[in-house]
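What follows is one structure encoded as structure tokens, with my remarks underneath.
None of the figures in this text is laboratory data; all of them are computed from the coordinates on show. Since the model is a prediction, treat every value here as computed from it, not as a measurement. In this analysis, Cβ positions are derived from the backbone assuming ideal geometry, glycine residues included, and neighbour counts consider all displayed protein chains.
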Amino acid sequence: MKLPYDDVHLIADPLYGYLRITLSRAGEIAEADVIDNPWVQRLKRIHQLQSSWWVFPAAEHSRFAHSLGAMHLAGQLARQVYPTLAAVEAGTPSLPLVEETLRLAGLLHDLGHGPFSHFCDEEYFVPVFGIDHEQISQYLIVNELGGLVSELRRSPSGAFAAAERVDPWHVAFLVRAEESSGGAAGAPSGAGAAPDGGPIPRWVRLLHRALSGAVTVDNMDYVRRDAAMCGVALGSVDVDRLIYYSFCTADGLTFHKRALSALRAFLNARFYMYENVYFHRVGHAIDLHLHEIFRPTMELVLPVGPLDDLAAYRRLTEWSLFTTVEDWLGEPLGSERRELAGQWQSIIHRHVKYSMVYEHHVERQQPLPAARDLTAEEFRAAIVQRLPSPLKDLEFVVDIASQDPRPLNPLVGPKRIAVYDPATDAIEEQLLSGILEFVPAKAHLYRVFAVGHEYERELALAAKAALDEAEPQSLTNI
């Protein structure tokens, strides 16, 4: 007797109950084979939260768990929007192929992350090699997993139509956050080309916002997953409603007007997570210490670009990094490796070098040109100017954590959020403008961190005076 349990496997998940993945039949490649690939399994050894797992004891979840969640939501979204996608674009292939293309984009979008995720991009990969994790992901999807991906023949919903296959270049196109950005060598740019040199088909382009923008299967998973694993209580985040009221127009993925309340709740929930988890004061204090040692450590661990030594990069995870720097404790005293090892031990064992002595939160309802924002250098100089003369050389660090709670360019560009009004049978920009009135346009956390506690009061008073005397157009509380 042929039963469906031979074709589809269940994975238990704390958010969704069960996730479905396809299993291999004799001589067939299925999703389970892609998930078991060493590049995907590597994500189990990279924390989802780069420093917050040192702050929230239960936040031990990995990029792997998040990727499975994003895959699940991508499949839900594909099944929801497929009828309207096919109506808008006559060249749309079968539902199972569309579903599988989106599911793989969700699964593989974080494939290129290094240890400490975005921190690795910001501190090493981008400034040194001019590449980020999305471009690395694109390269790996096309060049390392392309053979597996192109052998898939079905999704959890069923088999592809005859002669259909998943194109790795289509998957790679979907994982890049900026549609106009170039990819890594060997991967498609945002404008993208298929292996035969032709353009990325329109049905793929219409789905681009599934993983690009302020409301995606990526952040719909990580906002809820991070909150659950950190033990942080969020307000209502109605992902099911957001997906149900999603459909395709000639503009691409579009929300129905009835999704607006859920959309506003989600944007505020994401903002809440940035304030209370991603920008947590202790997490940022750890990041400040990491900033001092991460690049010199990576120059020793991975001296070449990640795409120049794929075998070394595949072995590089947070687990391997911790083991390596602990091995350096056996190096001679005074050597670079021994000094770095000592600093890493402080971080690993949560002996936090910096402590926050001052914090000021600013929210703006109207964005200002970036040039008018107070920079970290200006903030620090203003504090030094106001410290008593004997403390001018006091060791301290300023940190300005900024967040754009609203979507970036929500009404134009590849990250646009389109909202449909059935009363006018058109996409109405004022609908989105209305809900954004309740979401700050920009938020800053101005912080001062000191080494030791002896002069906390003097630093706090100087920081407060510096901000109080800043020009009104630069700092405005709501």
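Here are the numbers for the structure shown:
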quantity: Estimated distance in nm for a label pair at Tyr18 and Glu359, the labels positioned 7 Å out from Cα along Cα-to-Cβ; calculated: 4.3 nm
quantity: Principal axis dimensions, the stretch 273-386 - Cα atoms, whole angstrom, descending; calculated: 49, 33, 27
quantity: Ranking of Val277, Val34 by count of other Cβ atoms within 10 Å, fewest first; calculated: Val277, Val34
quantity: In Å, descending, principal axis extents of the Cα set of the stretch 4-233; calculated: 51, 42, 34
quantity: Local net charge near Met273, Cβ-Cβ under 12 Å (Lys/Arg +1, Asp/Glu -1); calculated: +1
quantity: Length gained when the stretch Ser346-Ser402 is fully extended (0.36 nm per residue, less Cα-Cα span); calculated: 17.5 nm
quantity: Computed log₁₀ I(q)/I(0) - Debye formula, equal Cα scatterers, no solvent, the stretch 282-348, q 0.15, 0.27 Å⁻¹; calculated: -0.50, -1.23
quantity: Cut-off under 5 Å, modelled amide H: who pairs with Ser62 long-range; calculated: Gln48
quantity: Phi-based couplings in Hz for the stretch 417-423 (Karplus 6.51, -1.76, 1.60; Gly and Pro marked x); calculated: 9, 9, 10, 9, 10, x, 5
quantity: Chain lengthening between Glu292 and Ala426 when straightened (0.36 nm per residue, less Cα-Cα); calculated: 43.1 nm
quantity: Proximal aspartates and glutamates relative to Lys44, as straight alpha-carbon distance under 13 Å, when same-chain residues fewer than 8 apart are discounted; calculated: Asp36, Glu60, Asp110, Glu318
quantity: At 0.692 mPa s and 37 °C, Stokes D of the chain from Kirkwood alpha-carbon radius, µm² per second; calculated: 136 µm²/s
quantity: Amide hydrogen neighbours beyond the local backbone of Asp13, cut-off 5 Å, H modeled; calculated: Tyr18, Leu19
